[in-house]
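Notes follow the structure.
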Amino acid sequence: MNTNQTVTVSEKLLFERSTKNRVGVSFPPLDVPEKKPHGSLLRKNLDLPELSEPDVVRHYTRLSHWNFSIDQNFYPLGSCTMKYNPKINEWGARHEAFSLLHPNAPEDSVQGALELMWELQEMLKELSGMDGVTLLPLAGAQGEFTGLKLIRAFHENNKQTRNKILIPDTAHGTNPATCTLAGFEVLKIPTTGEGLLSIEHIQKSLSHDVAALMVTNPNTLGYWEENLKEIADLLHKNGSLVYCDGANFNAFVGLAKMRDCGVDVMHINLHKTFSTPHGGGGPGSGPVAFIKKLEPFQPTPIIKKESEKFSLDWNKSQSIGALSTFYGNFGMLIRAYIYMKTLGIEGLKHMSHMAVLNANYIRARLKKYYDLPFPRKFCLHETIFSDKKQTPYGVTTLDIAKRLLDFGYHPPTIYFPLVVKGALMIEPTESESKQTLDDFCDTMIHIAGEAQKNPQLLKKAPYNTRVRRVDEVRAARNPILTYKLSSTAEE
Ligand SMILES: *Cc1c(COP(=O)(O)O)cnc(C)c1O
């Protein structure tokens with residue numbers, strides 16, 4: 001909930017404590033039994049608000065509409081891959097056969113769940129070209145952390161102290177963050193005018209303390225790192241490894257294998273590429289795929305298959321250890337598994353083709369109206385514009401993003417990557433129809449027209465949203481981090 005939200009009258013009523021609900025039925029107060037269970041900390045009766053079911057349902061449904069979700073409208077948030085979450089995934093994840101399992105249940109009684117995880121691992125192995133996969137990491141960022149720990153363990157096992165990780169200047173913020181968390185030093189690599197990594201820059205940065213290169217492919221400008229194989233060869237010659245941030249796997253599933261590009265370890269965001277919900281919609285999942293050399297260090301437990309029987313192996317003396325309790329976000333693994341099985345390999349290839357086609361369609365329709373930095377002939381899964389054509393009228397990327405809200409769209413990612421001044425990063429994904437893309441492009445073209453004719457209009461947008469433009473400078477300087485409901489909600 002927004003901290004500055006004003007509380008409406010009906011909301012106040014809802015939160016006011018009463019023993020009567022609003023349809024007039026009164027419930028007895030929840031009594032704490034005289035004899036409290038041993039060790040109970042509860043000392044007095046619970047004074048809970050009592051409401052009818054329709055009131056509660058309406059309250060939360062109303063709150064849910066204040067949010068924006070992919071089920072409501074187009075959500076072209078670049079780099080985040082906000083694609084459709086198929087409802088059949090939800091059916092599977094909620095199926096009693098899975099949802100009622102206990103994580104401590106004996107292995108013999110959960111063979112189906114283990115088999116599902118094992119099969120998912122095998123599919124991800126195949127698609128990445130790697131020798132092993134762990135499904136344990138709970139997000140892309142935790143996948144990065146896992147991969148970096150594997151790299152550290154590998155070098156330490158070889159009695160080498162390598163403390164530096166090379167990261168391109170277009171990288172997602174989690175890359176330098178996880179490197180630092182894993183105890184590495186970050187060395188920033190500049191992007192060329194073409195929007196790619198250059199062999200020369202890498203060559204210049206290599207030394208005996210470089211543990212790895214951490215590269216995003218396609219990179220956050222939406223371009224394929226064409227020199228990756230040659231660059232990887234350089235790193236390997238130097239005794240270093242190559243990590244791929246696979247958050248943009250959406251662009252090439254079934255079409256290329258990162259192993260063939262010289263990558264040793266990568267993470268895959270199931271909540272991006274493989275359609276499981278994220279953001280407010282669900283927890284993430286960031287499996288890590290790796291080559292044989294890194295296998296001894298993988299986190300535990302490991303899912304094994306021996307003569308048609310599945311089991312969990314916790315005994316790995318060189319393992320980096322456990323990442324979380326139990327087996328990762330199992331519900332997300334089920335959803336990704338269903339998505340992959342529904343599409344099949346041909347469907348997955350088609351998905352990537354469509355993701356790329358849709359991004360290029362938007363690029364082609366908007367390039368007359370918005371500046372294209374680092375222009376190349378085509379982009380992959382996402383396209384980046386800047387506000388260069390609008391700044392002469394005093395209109396910035398923020399104004400464009402805010403104006404989009406008035407038309408019901410979630411804005412694209414803005415001001416990222418940092419190498420593009422005033423970036424607007426658009427990722428439509430494969431799951432949007434041509435009609436949706438056209439409507440969005442028409443709106444963007446309309447806004448470009450407004451920027452010329454009536455820039456003042458954009459400066460004050462949005463007009464149609466529950467919360468108007470917030471004073472971001474004031475919010476940053478004077479953050480109010482507590483939410484006060486009303487004076488009746490005591491303590
Ligand atoms: C989303 C993303 C990440 C981080 O993944 P999370 O699952 O959000 O932790 C890392 N790198 C890139 C390029 C991303 O788009």
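The values are calculated or read from the model by the stated rules, or taken from the named source; none is laboratory data. None of these values were measured; they are calculated from a predicted model. Here the Cβ positions follow ideal geometry from the backbone for every residue, glycine too, while neighbour counts run over all protein chains shown.
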All positions within region 307-319 that are farther than 30 Å from A232 by Cβ and either within 13 Å of the ligand (Cβ to nearest atom) or in a loop (DSSP other than H, G, I, E, B) (or both): S307, E308, W314, N315
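Yes or no, residue by residue, for (1) in contact with a Leu (Cβ under 8 Å, 6 or more places away or on another chain); (2) surrounded by fewer than 22 Cβ atoms within 10 Å (Cβ to Cβ):
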{"site": "H208", "(1), (2)": "no, yes"}
{"site": "L213", "(1), (2)": "yes, no"}
{"site": "W224", "(1), (2)": "yes, yes"}
{"site": "S240", "(1), (2)": "yes, no"}
{"site": "C244", "(1), (2)": "no, no"}
{"site": "V253", "(1), (2)": "yes, no"}
{"site": "L270", "(1), (2)": "yes, no"}
Helices (runs of 4 or more DSSP H) contained in region 385-491 and holding at least 1 residues crowded, with 18+ Cβ neighbours inside 10 Å and aromatic (F, W, Y): 434-453
Any residue in region 446-466 that's among the aliphatic types (A, V, I, L, M): show its pairings with residues that are at pLDDT below 95 at Cβ separation under 8 Å, as long as the two are six or more apart or on different chains. A461/R469
Within region 212-239, can you find the residues that are in contact with a strand residue (DSSP E or B) (Cβ under 9 Å, 6 or more places away or on another chain) and within 16 Å of the ligand (Cβ to nearest atom)? A212, L213, M214, V215, T216, N217, N219, T220, L221, G222, E225, L228
So L181 fits all but one of (1) in contact (Cβ under 8 Å) with a residue 40 or more places away in the chain; (2) within 16 Å of the ligand (Cβ to nearest atom); what number is the exception? (1)
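State yes or no: is P176 within 16 Å of the ligand (Cβ to nearest atom), at pLDDT 95 or above and closer than 23 Å to L138 by Cβ? Write out each step before concluding.
Numbers: within 16 Å of the ligand (Cβ to nearest atom): yes; at pLDDT 95 or above: yes; closer than 23 Å to L138 by Cβ: yes.
Judged against the criteria, P176 is a match.
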Filter region 26-65 for residues that are surrounded by 11 or more Cβ atoms within 10 Å (Cβ to Cβ) and of a type in the set (G, A, S); the one that is modelled with the highest pLDDT is S52
Please enumerate the residues belonging to region 252-306 that are within 12 Å of the ligand (Cβ to nearest atom) and polar (S, T, N, Q). N269, T273, T276, S285
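Looking at region 101-116, is at least one residue closer than 30 Å to V210 by Cβ, more than 16 Å from the ligand (Cβ to nearest atom) and not hydroxyl-bearing (S, T, Y)?
Residues of region 101-116 closer than 30 Å to V210 by Cβ: none.
Checking region 101-116: not a single residue is closer than 30 Å to V210 by Cβ, more than 16 Å from the ligand (Cβ to nearest atom) and not hydroxyl-bearing (S, T, Y).
If the requirement is being more than 30 Å from L101 (Cα to Cα) and among the aromatic types (F, W, Y), which of these qualifies: F374, F330? Let's see the steps before the verdict.
Numbers: F330 fails: more than 30 Å from L101 (Cα to Cα).
Going through F374, F330 in turn, just one is more than 30 Å from L101 (Cα to Cα) and among the aromatic types (F, W, Y): F374.
Just to be sure before I move on: is I362 in contact with a Ser or Thr (Cβ under 7 Å, 6 or more places away or on another chain) and either aromatic (F, W, Y) or within 23 Å of N217 (Cα to Cα) (or both) in the structure I sent? Write out each step before concluding.
Numbers: in contact with a Ser or Thr (Cβ under 7 Å, 6 or more places away or on another chain): yes; either aromatic (F, W, Y) or within 23 Å of N217 (Cα to Cα) (or both): yes.
Taking the combined requirement at face value, the residue satisfies it.
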Which one of I345, I414 is touching a strand residue (DSSP E or B) at 6+ places or on another chain (Cβ under 9 Å) and under 26 Å from N217 (Cβ atoms)? I414
In region 240-250, is there at least one residue being charged (D, E, K, R), over 21 Å from K83 (Cβ atoms) and either within 15 Å of the chain's Cα centre (by Cα) or more than 16 Å from the ligand (Cβ to nearest atom) (or both)? no
Can you go through L42, L120, L136, L46 and tell me which one is in contact (Cβ under 8 Å) with a residue 24 or more places away in the chain and more than 16 Å from the ligand (Cβ to nearest atom)? L120
Restricting to region 187-201, what's the tally of residues that are of a type outside the set (D, E, K, R) and in contact (Cβ under 8 Å) with a residue 40 or more places away in the chain? 3
For the subset of region 387-406 comprising residues that are under 25 Å from the mean Cα position of the chain (by Cα) and among the hydrophobic types (A, V, I, L, M, F, W, C), which member is nearest to E472 (Cα to Cα)? L398
Could you list, in sequence order, the residues of region 290-308 that are out of contact with any helix residue (DSSP H, G or I) (no Cβ under 8 Å at 6 or more places or on another chain) and among the hydrophobic types (A, V, I, L, M, F, W, C)? I302
